Every structure is written in C-alpha cells, then in structure tokens.
1. Considering every residue within the range 159-168, establish whether at least one is without any contact (Cβ under 8 Å) to a residue 24 or more places away in the chain, crowded, with 16+ Cβ neighbours inside 10 Å and in a loop (DSSP other than H, G, I, E, B).
2. Which of the residues that make up the range 80-96 are crowded, with 18+ Cβ neighbours inside 10 Å and under 17 Å from the mean Cα position of the chain (by Cα)?
3. Of the residues in the range 78-99, how many are farther than 16 Å from Ile119 by Cα and aliphatic (A, V, I, L, M)?
4. Can you tell me which of Glu146, Glu108, Glu155 is touching a helix residue (DSSP H, G or I) at 6+ places or on another chain (Cβ under 7 Å) and either exposed (fewer than 14 other Cβ atoms within 10 Å of the Cβ) or at pLDDT 95 or above (or both)?
5. Could you tell me whether Pro171 is closer than 25 Å to Leu218 by Cβ, part of a loop (DSSP other than H, G, I, E, B) and modelled with pLDDT of 95 or more?
6. So how many residues does the range 64-76 have that are surrounded by 15 or more Cβ atoms within 10 Å (Cβ to Cβ) and either part of a helix (DSSP H, G or I) or modelled with pLDDT under 95 (or both)?
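The values are calculated or read from the model by the stated rules, or taken from the named source; none is laboratory data. A quick note: this is a predicted structure, and the numbers were derived from the prediction, not measured. With ideal geometry, Cβ positions are generated from the backbone for all residues, glycine too; neighbour counts draw on all protein chains shown.
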Amino acid sequence: MLVDKTMSRRTFLLGAVSTTTLLAGCVSQYPDQPSVPRSPRVEGSPYTVAELTDMYGPLEDNGYMIPAVPWQQIDPMYYRQRVPDPTGEAPGTVVVDTPNRFLYLVGEDGTAMRYGVGIGRAGFSWGGNGVIKWKQEWPKWFPPKEMIERDPKLEEYSNENGGMEPGLMNPLGARALYIFENGKDTLYRVHGNPDWTSIGKAVSSGCIRMLNQDVIDLYNRVNNLPAPIVVYQ
C-alpha cells in the first residue's frame, strides 16, 4: 500500500509536471496577440488623431475634390463636436455666437452640435431672430454692391453679369444657408469657405464662414425649412 501511495503521488507529480510543461508549451507556441495601438487623443478635443484625420480629410463632393484641412493648425475648441447646449433655444434652432466664433445646432437631448466659424465684416451687420429659408449646394456667389464699390474688379461677378460660378475658390464654398427676416433676404449667409485660416477670427469681408467639411455636415442636419436662426452679437 505504501508503494501504491508513493507511486500514486509520483504519478500525480509527474502528471502535474507534464501538464505544466504542456501548458507552458502552449503559451510559448501561441502567445497573446499584441494589442493594436490606439490612436492618441488630441489634447483639448474629444477626438483621436485618426478621427480628426477622417473628419477633416479630403472629400469628393458633387464632382469637386475638397482638400484636407490641416486641423493641427486650428485651435481644438473650433473642431466640430457635440457639447451640452448653452443656448436654451428650441431643438432645430441654429445659433450663431458671433463674439466667441461658434455656431450651434440645438439638438433634442439637451446637447448641441458646435462648429467653429469665422466672422466677416458683414457678420457684424445683422443680428437677432430670423429663419433659414433655403439652402444650396455649391452656390454661385454674387458680391454685394458695396463690395464691388470697394473693389471694382468684382464687377464681373455682379448679379447683372451672372455671378461667380461654383467651385473650390468660390467664397461661398460647398454650401450656403440663406437667412431671411420678416420675409426679406438679409443678405446674411452661413456658408463654406476655402480659407481654413479664417476659422475663429474676424476677417475683412464675408458673413459666417465655416470649413467646407463642417458646412456640409450642418447642411445635412438642417432639414426642416424654414429653420429658426438666432444671431448673438
């Protein structure tokens, strides 16, 4: 019986060693797969490098190839992002915070989609409540008479001459949303912009400027026209 117990113990130990060896062999033969490195989050934003590269990358739209935006050179607070709604306006309302260079589209859940904008001289000429009565993809541009008076070379794009054809260098960019007040066109626009350096700034001319990638996103979200718009000055 002692021999049997000894043999049984020896057999158990040998079995344990064999099992351990076998398991060790399994581990060495089939190591854990290395985890895929995650794209680092960009400081001051809710996004990773990969997400921003995708969000502001090159975009083909209606036959036009919109170039990528060098988002690294823009303040992260101006990246398109969902935030708690600070406006208190009804869902579906577009709110332009002129002093802080933000545009909000108020959502249903106490949040708003926030976009960075640039403000032109015309951007300070109108404020209050209005409606976005219509919107257009790749619009023509008709410089106002006051602008033509300052720069007579723009006469070729006047209303009488048919305006500037749509395109990447058209000042209205990829989309335009037209603001009316009391049934009249205010000549105030929310529009795309080929110059990304104007975001977050006040520039010499124009209305509410957005990155082309952002104005396309806004355009697709503003579906029920006329849509209310409030401009804070």
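1. Yes; the residues of the range 159-168 include at least one that is without any contact (Cβ under 8 Å) to a residue 24 or more places away in the chain, crowded, with 16+ Cβ neighbours inside 10 Å and in a loop (DSSP other than H, G, I, E, B).
2. Across the range 80-96, the qualifying residues are Arg80, Asp85, Val94, Val95, Val96.
3. Of the residues in that region, 2 qualify.
4. Sole residue among the options that is touching a helix residue (DSSP H, G or I) at 6+ places or on another chain (Cβ under 7 Å) and either exposed (fewer than 14 other Cβ atoms within 10 Å of the Cβ) or at pLDDT 95 or above (or both): Glu155.
5. Here the answer is no, as Pro171 does not meet what is asked.
6. Looking only at that region, the number is 2.
Conditions tested, residue by residue: (1) touching a residue at least 12 places away in the same chain (Cβ under 8 Å); (2) among the aromatic types (Phe, Trp, Tyr); (3) assigned to a strand (DSSP E or B).
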{"residue": "Pro91", "(1), (2), (3)": "yes, no, no"}
{"residue": "Val96", "(1), (2), (3)": "yes, no, yes"}
{"residue": "Tyr115", "(1), (2), (3)": "yes, yes, yes"}
{"residue": "Pro143", "(1), (2), (3)": "yes, no, no"}
